[in-house]
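Visitor: Structure provided below as structure tokens; questions to follow.
Read-outs: derived from the displayed coordinates by stated rules, not from any lab. Computed from a prediction, not measured in an experiment: that's the story for all the values here. Virtual Cβ from ideal backbone geometry, glycine too; neighbours counted across all protein chains shown.
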Amino acid sequence: MSIFQLNDKLALVTGAATGLGQAIALTLARQGATLVLTDKPDASSGLAETAELIRRAGGTSTSVPIDVRDLKQIENATGELLNRVGRVDILVNNAGINRPKAALEVDVENWDDHYHTNVRGGFFMAQKVAPAMISAGHGRIIFISSQSGLIGIPGQPVYCSTKGAVIQLVRTLGVEWAKFGITVNSVAPTFVETNLTRQRLKNPEFLKFVLGKIPAGKLATPEQVASAVAFLASDEAAMVNCHTLCVDGGWTAW
Ligand SMILES: NC(=O)c1ccc[n+]([C@@H]2O[C@H](COP(=O)([O-])OP(=O)(O)OC[C@H]3O[C@@H](n4cnc5c(N)ncnc54)[C@H](O)[C@@H]3O)[C@@H](O)[C@H]2O)c1
């Protein structure tokens, strides 16, 4: 039996130019979805790379620039997309930043940039595509939160608090929109080596701290995170709602 298939589904992934977003887009395409790849306007070469990986895997995609901090860009791009294709079946709010600063060093710019990208951007992406999902009577919204939304990590107060906010948003939107056939969930990865983490993971002391916290003793891979997203996007996950699925090798269990 073939399960978790996404044939005939249109999936929009934010931050799809690299890292987890690229792996998620490719995995959803391999499961049969048609992809709308979005990222900041200056990330067009990364988006082209993701599009080429999808093409080589036999999938189809289009690319649309959206900086999720900019509400006008969200409104214009989702409005144009919905006018053109009429639907988005799966939204993956993956775009995110982490610029660690100890609490005493945090300034307003650092605070606002995290909140506007990690929380506000994802919320308004969801708000703008939800009406089409409501009309269709079906939708899947998946945020990439983080284990950092469930625990504290020294030196990352702002990032951790944005991811906690995402986990709470998922619960609230999922409760509000369940009656329309929409589920809202998040995937909470532990550390994965990407542009977001590579520099910090190069520090042997930090890597030792991280691996010492993961009972599995290994980092997660982008593909493992993407597989969890594919499950939540599938028809089989219809009764999984308001949930945060940890892909953390057990970090948050102890
Ligand atoms: N890598 C990890 O260890 C890890 C762990 C837990 C959660 N996450 C989360 O996973 C998501 C992806 O992280 P990643 O590791 O792939 O990071 P990454 O830095 O490799 O990729 C992030 C992508 O998001 C895009 N992006 C950033 N700001 C944006 C904006 N304003 N508008 C549109 N796109 C924007 C970037 O251009 C980039 O393509 C993030 O939400 C991150 O918080 C990552």
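Visitor: Find the residue count for the stretch 171-208, including only residues that are under 20 Å from Ala16 (Cβ atoms), within 13 Å of the ligand (Cβ to nearest atom) and not hydroxyl-bearing (Ser, Thr, Tyr).
Guide: The number of residues fulfilling the criteria is 8.
Visitor: Inside the stretch 1-60, can you point out the residues that are more than 14 Å from the ligand (Cβ to nearest atom), under 13 Å from Ser227 (Cα atoms), out of contact with any Leu (no Cβ under 8 Å at 6 or more places or on another chain) and of a type outside the set (S, T, N, Q)?
Guide: Ile3, Phe4, Arg30
Visitor: Okay, next question. Looking at the stretch 82-105, which of the residues that are away from the ligand (no atom under 15 Å from the Cβ) and within 21 Å of the chain's Cα centre (by Cα) is nearest to Gly19 (Cα to Cα)?
Guide: By that ranking, first place goes to Ile90.
Visitor: Still on this structure: Scan the stretch 136-154 and tell me whether some residue there is within 15 Å of the ligand (Cβ to nearest atom), over 30 Å from Trp254 (Cα atoms), surrounded by fewer than 18 Cβ atoms within 10 Å (Cβ to Cβ) and free of Cβ contacts under 8 Å to residues at least 24 places away in the same chain.
Guide: Looking through the stretch 136-154, none of the residues is within 15 Å of the ligand (Cβ to nearest atom), over 30 Å from Trp254 (Cα atoms), surrounded by fewer than 18 Cβ atoms within 10 Å (Cβ to Cβ) and free of Cβ contacts under 8 Å to residues at least 24 places away in the same chain.
Visitor: Are any residues in the stretch 156-182 crowded, with 24+ Cβ neighbours inside 10 Å and either among the polar types (S, T, N, Q) or on the phi > 0 side of the Ramachandran plot (or both), and if so, which ones?
Guide: The answer is Thr162, and nothing else.
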